[in-house]
Amino acid sequence: MDDAGREIAGGAVLVRGNEIAAVGRADELPATADEVIDLAGHVVVPGLVNTHHHFFQTLTRALPGAQDAELFGWLRRLYPVWTGITPEMMRVSNLTAMAELLASGCTTSSDHLYLYPNGSRLEDSIDAAREIGMRFHACRGAMTLGESHGGLPPDRLTEREDDVLADMRRVVEGHHDASRLSMLRVALAPCSPFTVTNDLMREAARMARHYGVRLHTHLAENDNDVAYTREHYGCTPTEYCEELGWLGDDVWHAHCVKLDDHGIDRFAATGTGVAHCPTSNMRLASGIAPVRRMIDRGVRVGLGVDGSASNDSGGLLAEARQAMLLQRVGLGPAAMTAREALRLATRGGASVLGRDDIGVLAPGMAADIVAFDLSAIEYAGALHDPLAALAFCAPPRASLVMVNGRVVVRGGEFVRFDESAHAALHNRLARRLVEAAR
């Protein structure tokens, strides 16, 4: 994924500390090191980058009543359940989501946490990322516009705007690390046009620019979303963003399924990014985002798994495959190539998150490296083009995952994380949550 688009047969990567020191053919690099990892028969790529998620939603996957609904109906079914989430549930669900992402080859993820019931805090997510070893962009989201004021969520899931702004300031000052190769950054992320006020959007944008952090929200996800913006604000989603200061190279929006031509042009002109979430968009029947037009016009696009209750899985390599296939459904077999899809999953996501130190195997970049074993049954018969096989074939687990120079998955198994015990705990908490809401 370097600027030359090199694909190196018999290649090697030399890592010093948490940084890539050299990339090339194995016979061109030093033959010795503190540790040599033999990945013959593997494809080695940069760690994948996830630009949009809601980790807490792993607690409510495949929930009856929410399986066959569009966005607004889906949310109305789930909001009452989510009011019961505790800090323990938040931390455990976050670990679950991160483990699933890591196993799929994703080494960097953002998470959009927009509800904080029962004393939950952004630190529940931050602590989980530190525990499991994921590079993390924590988005301090918020919902302040409840049903009694024309919003979608129940009032008990909303916060006071003064409290939100104070906590945004607190978490940025306490946790954001802007340094190169940073493992933790913070973004400000009011949830959506139908859950927050214009005042909060404006104030969050001012605060983000004061601190030099990024902005994130949902936009133009489906027809009802667009209709809400037109009815309540008298404008298109792009006009809504522009009026509130939410276009720019420090902003990325999730979904943008219904972004029109004017919106695409304004996003391109301002450097505004898009988190494309193909599986979620299909699951909720939101539509096919115009990703081909976005890319061709110069919009920065990355991939997002999205919430694990609107996707029900958390594999980023699978998301790259879906992105490729979904564009082909709408535009034909040449609409997106396998290499373009993998680029979205690496360099595309890095660009959307404002990173110039991840998403590429090159000297000076973060030592975020993943490998997929080509001897896996999923790749049998596909070795004519091993790189394309990553996107065309059913994705297996990553064989090796290194984050910041530290191996977290080896031989397809976590090095320091008891997956089975954690899954059992997660299931107990998920059952408790849903039963309490009945």
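The values are calculated or read from the model by the stated rules, or taken from the named source; none is laboratory data. Computed from a predicted structure; not experimentally measured. Cβ sites come from the backbone with ideal geometry, for glycine too, and all protein chains shown count toward neighbours. Side chains included, ligands, DNA and RNA excluded: accessible areas come from the protein's heavy atoms. Shrake-Rupley method; radii C 1.70, N 1.55, O 1.52, S 1.80 Å.
A few comments on the model shown:
- When GLY304 is tested against the conditions (1) surrounded by fewer than 24 Cβ atoms within 10 Å (Cβ to Cβ); (2) under 22 Å from PHE56 (Cβ atoms), the lone failure is (1).
- On the stretch given as region 174-204, residues that are touching a residue at least 24 places away in the same chain (Cβ under 8 Å) and of a type in the set (Asp, Glu) total 2.
- Residue count, region 96-129 (criterion: open to solvent by 10 Å² or more (accessible area, probe 1.4 Å), farther than 20 Å from LEU316 by Cβ and assigned to a helix (DSSP H, G or I)): 6
- Output for region 130-185, where each listed residue is hydroxyl-bearing (Ser, Thr, Tyr) and either crowded, with 17+ Cβ neighbours inside 10 Å or in a loop (DSSP other than H, G, I, E, B) (or both): THR144, THR158, SER179, SER182
- Region 286-314 residues that are within 28 Å of GLY73 (Cβ to Cβ), paired with ones that are open to solvent by 50 Å² or more (accessible area, probe 1.4 Å) and not in a helix (DSSP H, G or I) (beta carbon under 6 Å, 6 or more apart): SER308/ARG61; ALA309/ARG61; ASP312/ARG61; ASP312/ALA62
- Residue match in region 109-131 (condition: touching an Asp or Glu at 6+ places or on another chain (Cβ under 7 Å) and within 30 Å of GLY364 (Cβ to Cβ)): yes
- Residue match in region 255-272 (condition: open to solvent by 20 Å² or more (accessible area, probe 1.4 Å), among the acidic types (Asp, Glu) and in contact with a Cys (Cβ under 9 Å, 6 or more places away or on another chain)): no
- Against the test of being under 30 Å from VAL92 (Cβ atoms), of a type in the set (A, V, I, L, M, F, W, C), part of a loop (DSSP other than H, G, I, E, B) and out of contact with any Asp or Glu (no Cβ under 6 Å at 6 or more places or on another chain), the options LEU59, LEU39, LEU63 yield a single qualifying residue, LEU63.
- Identity of the residue in region 326-364, under 15 Å from the mean Cα position of the chain (by Cα) and polar (S, T, N, Q), that ends up least open to solvent (accessible area, probe 1.4 Å): THR346
- Against the numbered list (1) open to solvent by 10 Å² or more (accessible area, probe 1.4 Å); (2) aromatic (Phe, Trp, Tyr); (3) in contact with a Leu (Cβ under 9 Å, 6 or more places away or on another chain), TRP246 comes up short only at (1).
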